[in-house]
Every structure is written in structure tokens, then in C-alpha cells.
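**Q** Below is the structure I would like to discuss, written out as C-alpha cells.
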Amino acid sequence: MEPLRSTDPARIAGYRILGRLGAGGMGVVLLGRSPGGALVAIKLIRAEYADDAGFRTRFRREVAIARQVRNRWAVPVVDADTEAAAPWLATEFVPGPPLSEAVGSGGPLPERSVRALGSMLAEALEAVHGAGLVHRDVKPGNVLLGLDGPRLIDFGIARALDDTVLTATDAIVGSPGFLSPEQAQGRRIGPPSDVFSLGCVLVYAATGGRPFGSGPVEAMLFRTVHDPAELGALPPGLRPVVEASLSKDPAGRPTAGDIRRSFAEDASGGSWLPGPVTHLIAERSARMLALPDIEATSLDAGSTGGTGFPPHPGATPQPGFPAQPGATPAIGAGGRDTTAVPRSPGRRKFLAYVTGGAVLAAAGGTTAWLATAFGGEKDPGGDGKGRGETTAARPELRIGLQADLTGPSAATGKGQERAALLAVEEHNAREDAPFTLRLVVADDGGDEEKAKAAVRRFAEDPLVIAAIGATGADAAREALVAYDEVALPLLSVVDGDTRNLNRIFLSARPRNDMQMLPVAQYLGAKGLHTVALVDDGTEYGRQTTRFLDAGLRGNGRTVFAETVREGTADLDAEAGRIVAKKPDAVVYGGGWRDAARFARALTKAGFRGARLGTQAVHDPRFLAEAGEDAAGWLVVSTAADPASVPSVEAFAAAYRKRFDGAPPLLAAEAYDAVGLIAACVEGTGRTSVTRQDMLPVLRTTRYKGVSKSYAFEPANGMYAGTGVFIYRVERGKFRYVGMDGREV
């Protein structure tokens, strides 16, 4: 990293700029830190290109498409402003070295590492191609190495920037020595071009040389088009796949999926890199800790004082879960506070949590006032009419609810619909309510196209000022671009994906990696120094384990990073292999179904240590499938379970009375989302607001709900604080243990 220059900005939006990562003809790449402490790489475009209307149109389109590239081995776009005077976008920062440096300084990688590299990069290219993109510049410098796998960078905007360069200069796009013959000749390219480049990268990784030699650019381009690749030093086990990838005929090359499948067995389980490279990555990660930390929380003029949320009433320390100091008094249910939002714990603080020597950051729910539930007939619109309430004199505002009411998550979706309706009814029953709320419900069935249709429906209704959704995370992601296009704020109580950040999104729950903070503290408090960290090969599994992995290793703990892919047939063998390493604890980051199977396999393998699961394990089906083997599991979740969390007891009783049934998981959070939106409107002091008015208010409002307290990072809409519930499985049920490290 280079120091900043006098012409570089000190801040971009909410990001503090720390240094320069690189520069090119189109702009500069800067290292930034978000208000929550996350490091990002920010690509800032030069003003002369931003003034080109054609460029800005392409840039806007490519950023929207790049957001849809969703793969654990492709660095995600986390934020962007395509309309700024100098447009920019931010991607997740990976502290590891590029492949070019690792090979250039340490020599070629062993065959198994190259096979794993090939499988994971091919998987990333599948996602790029699936989003309708061609990377165009797959080269060693665009492959960053991490402990859990590589990261492909510079996808998405590459085409937008390169189109401009081609128009202006008629230059060849790509890096000589790693581009395809059709690219070298300036012909139209598609996914096979990236496959050719991947083949060149694998040759470099395995031999330290380029398959078409070095020297003058013209000579390399000629050899790429006309000469066979030099593969004499390539290990025989790699040759069939690599040789096919380097076919001069694009139609003769394998697909990215073919390459992934050919090398898949080498991309799972254990360390994938040789020791010297692993040490280099650890050194780079540690260096990031020397960067300036996030600023302390500040309070504005309207503050009531204090920097944290109120604790749960009656909180007392539990072994392994210290009580929270310095809490401020409760502000009351549905209350709006002008206190500046608390910042999410950063990387340096996270490493302190891992040692067990620090207390988790404040954020928590309290038992709150809840209006008495009504009797009588259901009012589908939620306007309170038919219950003796008069709303004619009040202006009406509408909240959209995008939910899966007929698909795989229908039980959760229907619970959210009912809970939101209950909140609307209670608001409308207030004599002092300055406006009437109406709930507009759209069933997406968990389907991506139906999700987009739901957005269009909301967009056409000018009274819809904000939306809550969706039940299914996939449907929510696919609809994000559509919500962005119509500038409609979207509040999600389900989705904690770290990639889903744009100008309209608010994640009303801790993001996937931050839910692991209580796990880190638990491991430290219990003195569990050897940890098997198991992901299921999915993006969710990666997000819930990678940050924890880096933090544990950075503090001298022994971590066995294992990938047991979703749907693996022989889990008994995998569990036996992991248990044979004698870990003190096993942390499983994956879905409930495989977690249940894995729980049975761990028992069969004789494991008696600590077993911990993440949000996805907080599911009644896990209990049913795992049976007695679930006993003792500790589960961290962002959902307040209505069956056991005291703060939602009043809500649960009201729900049962209104709908003659118990509320499911995530119902209390949907109830809170309506209350949050209503409180934001009331906080403006106006009864007529637009969706454009709502976003800045939502991002700067602190709200006390029945499940937890809500606040957001103004720069990116992520949940500020921790807000994680802890459960222990006892007698076939999730028993509430505490929240954010505190016992009730």
C-alpha cells in the first residue's frame, strides 16, 4: 500500500481513506474503512471519464450486473455511487497477496494447490458468466490468495471500463501472456475467452512461466494466436484439462463448470496452500491491524447520552458470557432516539473478542410496551376499520411486504405477514396516530421473477414509502437492483449477506460474519484453543466462518478449516476425519439439514466437545432431524425466538390471541420493522413523506423494538451493533441463554 497523495480524498461517502492500493488510466484504487470497521477497496473513476455520458451509462449498467455475481471466490461489490461527480464502487478488501507475488517470490505451487486453485477460480467464473459478464482480464495479478481459497477481483466493471478504452484507442483489452487468441486479434469474445485465460493462469501457478513465453508484446500476441502452448514443465496430472483450455478454437474448450468438476476433489478440506504462502497471508492479515482504527462513536446535539443500547432487564453474568457495562436507560418501545448510531465492531476489536478478554459491543432488546391485541375479524388491509376506529381524517401511508406465502418458506412468510398486520392494526388503533398505515402484500413464492414483479407493483403505488422483504434471501438479492432503480427503501430482517449493499438496502439484523462474535467470545472464555471450523461450501458458510477463521489464527489458536460440501453423502467419514484431529470445539457454518446429519455423525464418531451452529441451524427442523444428537448444541442466531425469549412474550401473546396460533421465527422482527418505519415517519414531524425522504431517516434512526434495538450504519445500511441471540438445545428445544454475551 502507498501513502495518500495530496490529490486523493480523505473520505468517500462514509469511508475513511487509508492509503493507495494502485492506479491506472481510468482512476485510482484506494483502501477505505467503513464506519463499522470493514476494509474495502474503492475504485474511484477519473472525472474526465465521468463526464462521458456513454461511459456513465455503461458504468451504471455494469455495477448493477456486478452486484449479481454471487460466489464465495469472487470478491463482491459492497457499495457504489454511479451518480457521483467522480463515480466509484467499493469491493471487499482481501489482505492476501496476489498469485503473481506468491509465485514470483516463492516459486510454483504444488500440483494439489493448482488443482484446488483451478476448481475455485472456475467456480467464480461460472458465477461471472452466469451474470452475463465476461471478465476479460483473468491473470495472476487479479487472483488474491486467502487462507480458505482464492478471490477473483476486477470482474463486473472491467467490461464497462474496457469498452470505453476500446472506443477511444482501439487498443487490445487484457494482459499479454494471459489473453485468448480471439482477444489478441480484437475479435468478439465470450466465456471461452476467460477459460483460455484461466488455463494460462494455471500454467503460471504450476510452473512459474507463461505458456506463450515472454518478451515484446507483439511476439507474445503472435505466439498466442499461432503457436502451441509450452507445457513441458506442467505436471502430467494437470495437462489434460489445461491443454483443452488452451485450444485455439473457443468451441473446443471446456466450460468453467467442466474445469470445476474436474478438479473439485482437491478444493475441499484442509489447507490448500503450502506453508510459506500460508505464512505470507497471515503476515499480510496481521499488517492490517496496524492501520488506523475506526473513530469513537460521537453524539449529536439531541443525544440523551451514552453510546450503547439498553441491557435486557435483570441481566446477570453467566459463565462465558460477561455482562455489558455502561448501558444507557431504555427509551421505550417504538421510541426514536437521536443518538448517533453505534458502530459495528471492527477487525481489531474482533481479534480482542477472540482472546476472551473483551466484552461484546452494546446492542440488545428489552421487554417493551405492547398494545393490547384486538379481537374480531381480520382486516386484510390493516387500516383498523371495523374495530371502532375512525381513520378518515388521517392521511394514509403504505408499507410494502414482499414475502414467500406459497413457496418453500411459506410458514415464515405467513408469520411475517401476520406480525406486520398486527403492528399496522395497533398503530391505526392509536388515537394520537397522525397517519394511517396500510400493508400492501406481494407473494413472491421464493421466486426471483416474482420478486421483481413485487417491486414493480410497489413502485407503481406512490403511497408505498418503504418495503419489508423478502422471506427468501435469494429472492431479496435478485430484487435489490429493481428496488434501487425505483429508489424504494428495502428493510430486510432475514438477509445478512455482506454482499447485499446498495443505496436503498437496510439489513435489520447483524450480517453473517458478525453473528460469530459471541462464538469467538465463548471459545475464549471457555479456554477452547483448538477449533475445527467447518463450512458447507456455500456462500453463507464462507461468510459465517472466514472472518472467525482469520481472527482465531491471528491470536495464536489452532484452527482446522474444513469444507464439508452441502449434500456430502458420507458425513460419517468426514466427521471421523475431523474428530481424529482432536479439536476442543467444532463450529458448523451451514444449513439446518446437513447440520442435523453432521450432529449425528459427530456423535457416532465419539465427539464430546463443544458443538456450535450458526443462524441457519436455528430451525425446528434441525431439532426434528438431529433428535437426541442435537442436545447440547449452542446456536447463535439473529432471531428472537417467540417460544423462549422473554422480551417477545407480550408480542407472542398478542399474536396468538389475534391469529389463534404461535408466531414462527422472524415474526417479531417483521412486527418491529413496521414499528421502525412508522417511528421514522413520526420522527420527521410530517404526515406526508415520500420514499426519497425515508432513506436518510431510516439510516439515522435508532429504534427500540420488542426483539432488539435497531440502528444502521448511515454509509451502507448495515445493522449497527451485534444483536445476536444465544440458544442451547435442551430436551428437544432451543432454550434461550442470553443475548450479545449476557444471560437473562
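**Q** Arranged from highest to lowest average of other beta-carbon atoms within 10 Å per residue, in what order do the peptides 710-722, 448-460 appear?
**A** On the way: 710-722: 25.2, 448-460: 19.2.
Ranked from most to least packed, the peptides come out as 710-722, 448-460.
**Q** Going down the table (Lys526/Lys582; Lys414/Lys604; Lys657/Lys733; Lys414/Lys657), which pairs top 27 Å between alpha carbons? Could you put the intermediate results ahead of the total?
**A** Values: Lys526/Lys582 16 Å; Lys414/Lys604 38 Å; Lys657/Lys733 23 Å; Lys414/Lys657 16 Å.
Long pairs (Cα-Cα over 27 Å): Lys414/Lys604.
**Q** How much length would be gained if the chain were fully extended between Thr406 and Glu449, taking 0.36 nm per residue of separation minus their Cα-Cα distance, in nm to one decimal?
**A** Values: separation 43, 0.36 × 43 = 15.48 nm, distance 1.44 nm.
That works out to 14.0 nm of additional length.
**Q** Something else now. Under the classification rounded if a/c is under 1.5, otherwise prolate if a/b is larger than b/c and oblate if not, where does the stretch 552-667 fall, given a ≥ b ≥ c as square roots of the Cα gyration tensor eigenvalues? Display every interim value, and only then the final one.
**A** Numbers: a/c = 2.83, a/b = 1.99, b/c = 1.42.
Here the stretch 552-667 falls in the prolate category.
**Q** Right, here's the next one. Sum up the charges of everything whose Cβ sits under 9 Å from the Cβ of Leu665, counting Lys and Arg as +1 and Asp and Glu as -1, but leave Leu665 out.
**A** For residues surrounding Leu665, the net value is -3.
**Q** Roughly how big is the stretch 99-285's charge dipole about its Cα centre, with Cβ charges of +1 (Lys, Arg) and -1 (Asp, Glu), in debye to the nearest 20? Walk me through the intermediate numbers first.
**A** On the way: 16 positive and 21 negative charges, 26 e Å.
Around 120 debye, computed over the stretch 99-285.
**Q** On to the next question. Measuring from centroid to centroid over Cα atoms, what is the spacing of the stretch 679-703 and the stretch 569-624 in Å?
**A** Here the two parts' Cα centres lie 44 Å apart.
**Q** Just subtract the alpha-carbon distance of Ala624 and Glu111 from 0.36 nm times their residue separation and send over the number in nm, one decimal.
**A** Working: separation 513, 0.36 × 513 = 184.68 nm, distance 4.31 nm.
Stretched fully, the Ala624-Glu111 segment lengthens by 180.4 nm.
**Q** Subtracting the Cα-Cα distance from 0.36 nm times the residue separation, let me have the gained length for Ala487 to Arg261 in nm, one decimal. Intermediate values should be presented prior to the final figure.
**A** Numbers: separation 226, 0.36 × 226 = 81.36 nm, distance 4.06 nm.
Stretched out fully, the Ala487 to Arg261 stretch lengthens by 77.3 nm.
**Q** Per-residue counts of other Cβ atoms within 10 Å, averaged by peptide: what ranking do you get for 215-224, 395-404, highest first?
**A** Numbers: 215-224: 15.5, 395-404: 24.0.
Put in order of decreasing packing, that is 395-404, 215-224.
**Q** Taking a cut-off of 21 Å between Cα atoms, list the lysines near Lys43, but don't count ones fewer than 8 places away on the same chain.
**A** Reachable lysines: Lys139.
**Q** If R₀ is 35 angstrom, what is the calculated FRET efficiency for the pair Ala23 and Arg187, using the beta carbon separation as r and rounding to 0.05?
**A** Working: r = 30 Å, r/R0 = 0.85.
It comes out at approximately 0.70.
**Q** A further question on this structure: Where in the stretch 180-216 does the amide nitrogen come within less than 11 Å of the point 7 Å from the Cα of Asp227, taken along Cα to Cβ?
**A** Within reach of a label on Asp227: 211-216.
**Q** Work out the charge dipole of the stretch 11-94 with +1 on the Cβ of Lys and Arg and -1 on the Cβ of Asp and Glu about the Cα centre, then indicate which of Gly37, Val77, Phe55 is farthest towards its positive end.
**A** The listed residue farthest towards the positive side: Gly37.
**Q** Here's something else I'd like to know. Of the listed peptides 540-553, 130-143, what is their order by residue-averaged count of other C-beta atoms within 10 Å, with the highest listed first?
**A** Values: 540-553: 24.6, 130-143: 21.1.
Ranked by mean Cβ neighbours within 10 Å, highest first: 540-553, 130-143.
**Q** Compute the separation of the alpha-carbon centres of the stretch 188-205 and the stretch 401-476 and state it in Å as a whole number.
**A** 45 Å
**Q** Please work out whether the stretch 11-94 counts as rounded, prolate or oblate from its C-alpha gyration tensor, where a ≥ b ≥ c are the square roots of the eigenvalues and a/c under 1.5 means rounded, while otherwise a/b larger than b/c means prolate and anything else oblate? Can you show the working numbers first?
**A** Numbers: a/c = 1.77, a/b = 1.21, b/c = 1.46.
It is oblate, given that a/c is not under 1.5 and a/b is not larger than b/c.
**Q** Related question: What FRET efficiency comes out for Arg5 versus Glu48 if R0 is 25 angstrom and r is the Cβ-Cβ distance? Round to the nearest 0.05. Spell out each step's value before the answer.
**A** Values: r = 18 Å, r/R0 = 0.71.
Taking R0 as 25 Å, the efficiency between Arg5 and Glu48 is 0.90.
**Q** Please work out the Cα center distance from the stretch 86-132 to the stretch 512-540, rounded to the nearest Å.
**A** 25 Å
**Q** Which aspartates and glutamates, if any, have their Cα less than 12 Å from the Cα of Lys450, not counting same-chain residues under 8 positions apart?
**A** Asp404, Asp474, Glu478
**Q** For the stretch 99-285, report the translational diffusion coefficient in µm²/s to the nearest whole number, using Stokes-Einstein at 20 °C, 1.002 mPa s, and a Kirkwood Rh over Cα pairs.
**A** Details: Rh = 16.6 Å.
Using the Kirkwood radius from Cα pairs, D works out to 129 µm²/s.
**Q** Could you compute the net charge surrounding Glu2? Neighbours are other residues with a C-beta less than 11 Å from the C-beta of Glu2; K and R count +1, D and E count -1.
**A** Details: positive: Arg5, Arg20; negative: Asp8.
That works out to +1.
**Q** Quick one: net charge around Gly106, please, counting Lys, Arg +1 and Asp, Glu -1 for every other residue with C-beta under 14 Å from its C-beta.
**A** Details: positive: Arg284; negative: Glu101, Glu283.
Net local charge, Gly106 excluded: -1.
FYI, it's all coordinate maths here, none of it is from the lab. Worth saying up front: this structure is predicted, and the values here are computed from it rather than measured. With ideal geometry, Cβ positions are generated from the backbone for all residues, glycine too; neighbour counts draw on all protein chains shown.
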